[in-house]
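Reviewing the structure listed below.
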Amino acid sequence: MQPKKKAVRWSRQVTETSDALDLEAGVFTKSSAKQIAESLKRSAEQSRRRKADPFRSAMSMLTFFINRAGRHLSARRRAILERAKDELRVLYGRPPRTA
């Protein structure tokens, strides 16, 4: 019998190797939505790996993380990450999300 192969997490590979962003370690575990948004903004503006404008790249990475974490996110963590989207819009001078 052969040893089991370690599961390859495609979402991790996308985060690390795609033309997305060079993220700060632990960005999605920060305690406040504002800290998460500021870190994503910094990463988006400094990254040379992105193809879209900084706002779209940052928002896309945040949405990607929320979608991939899915059912494993607590309600509190999901709420913080959703508020981070609003903070990101404020930082880029974009209109707030409509309901």
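Look at (1) outside any helix (DSSP H, G or I); (2) modelled with pLDDT of 90 or more and you find that P95 fails only one, number (2). Only residues that are within 22 Å of R76 (Cα to Cα) and either surrounded by fewer than 17 Cβ atoms within 10 Å (Cβ to Cβ) or in contact (Cβ under 8 Å) with a residue 60 or more places away in the chain (or both): list them for the stretch 35-53, please. Q35 - this is the single residue of the stretch 35-53 that is within 22 Å of R76 (Cα to Cα) and either surrounded by fewer than 17 Cβ atoms within 10 Å (Cβ to Cβ) or in contact (Cβ under 8 Å) with a residue 60 or more places away in the chain (or both). Only one of the numbered conditions (1) at pLDDT below 90; (2) farther than 12 Å from F28 by Cβ; (3) touching a Leu at 6+ places or on another chain (Cβ under 9 Å) is not met by M59, and that is (1). I'm trying to understand the selection: among the residues of the stretch 70-80, which are free of Cβ contacts under 8 Å to residues at least 24 places away in the same chain and assigned to a helix (DSSP H, G or I)? Correct list: G70, R71, H72, A75, R76, R77, R78, A79.
The values are calculated or read from the model by the stated rules, or taken from the named source; none is laboratory data. These numbers were taken from a predicted model, which means no experiment stands behind them. For neighbour counting, all protein chains shown are included, and Cβ atoms are generated from backbone atoms with ideal geometry for every residue, glycine included.
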